[in-house]
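Comments concern the structure below.
The values are calculated or read from the model by the stated rules, or taken from the named source; none is laboratory data. Since the model is a prediction, treat every value here as computed from it, not as a measurement. With ideal geometry, Cβ positions are generated from the backbone for all residues, glycine too; neighbour counts draw on all protein chains shown. Heavy atoms of the whole protein, side chains included, go into the accessibility calculation; ligands, DNA and RNA do not. Shrake-Rupley method; radii C 1.70, N 1.55, O 1.52, S 1.80 Å.
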Amino acid sequence: GAVVSQHPSWVICKSGTSVKIECRSLDFQATTMFWYRQFPKQSLMLMATSNEGSKATYEQGVEKDKFLINHASLTLSTLTVTSAHPEDSSFYICSARGDYSNEQFFGPGTRLTVL
Amino acid sequence: SQQGEEDPQALSIQEGENATMNCSYKTSINNLQWYRQNSGRGLVHLILIRSNEREKHSGRLRVTLDTSKKSSSLLITASRAADTASYFCATGSQGGSEKLVFGKGMKLTVNP
């Protein structure tokens, strides 16, 4: 089946620093990738949708200048949390979708802790 | 905004029993999907049911969809301790939107 990886799996950083999270589709070309955020014991909230080669579409309430998304290739999307603060601590999950299916394949998630 | 609402929020059963989880949603959908998430991990896709389908089976899983009531149920038969996880429903909307809207999730604990 389709495999999506994320790196790093966890990261701890100081407040004010920027953190980059990578999402890769390992065995298929992902024309669309999605970024979600999940707070403890809560559901997944879609942050943004990115299509390869174009700007990401952000959900209402998500700051595009704080959460920079780049989808430069068909197998890689990155999410950069700029000037991270403790309230940005969360579990970030990406998913990827290919051309021929509506199914989204999810990565294992990245746990971000901002001190 | 969240659309799916799982019911109950938490369920604890004994191994071998069946577990039923319900999901309600608010708007018209193209499909409804169920996912499992083990603690602190990513999501595993379980099953997708389209809006023109009423029931679907996959192994020990049975999903029903009632579009008139805007609800779905996931039945896990003969549960195992390994089924312990959080379960989410997610809806894909009509109109060609790619987005999935997730429900709050339900924590299932299967006691050995």
In region B:92-112, residues that are assigned to a strand (DSSP E or B) and either surrounded by 14 or more Cβ atoms within 10 Å (Cβ to Cβ) or of a type in the set (F, W, Y) (or both) total 10
If we keep only residues of region A:75-99 that are out of contact with any Phe, Trp or Tyr (no Cβ under 9 Å at 6 or more places or on another chain) and not acidic (D, E), then the residue farthest from the other protein chains (Cβ to nearest Cβ) is A:S83
Given the conditions (1) touching a Gly at 6+ places or on another chain (Cβ under 7 Å); (2) open to solvent by less than 50 Å² (accessible area, probe 1.4 Å); (3) within 14 Å of chain B (Cβ to nearest Cβ), every one holds for A:F28 apart from (3)
A:W10: passes all of (1) exposed (fewer than 15 other Cβ atoms within 10 Å of the Cβ); (2) away from chain B (no Cβ under 14 Å) but (2)
Selection from region B:26-63 of residues away from every other protein chain (no Cβ under 13 Å) and either in contact (Cβ under 8 Å) with a residue 12 or more places away in the chain or under 15 Å from B:L100 (Cβ atoms) (or both) yields B:K26, B:T27, B:S28, B:E53, B:R54, B:S58, B:R60, B:L61, B:R62, B:V63
* Go through the residues of region A:57-71 one by one and say whether even a single one is within 14 Å of another protein chain (Cβ to nearest Cβ), in contact with a Leu (Cβ under 7 Å, 6 or more places away or on another chain) and more than 20 Å from B:V44 (Cα to Cα). => yes
Among the residues of region B:81-91, is there at least one that is among the polar types (S, T, N, Q), buried (at least 20 other Cβ atoms within 10 Å of the Cβ) and under 30 Å from A:W35 (Cβ atoms)?
yes
Restricting region A:13-25 to residues that are of a type in the set (S, T, Y) and open to solvent by 30 Å² or more (accessible area, probe 1.4 Å), the one nearest to the chain's Cα centre (by Cα) turns out to be A:S18
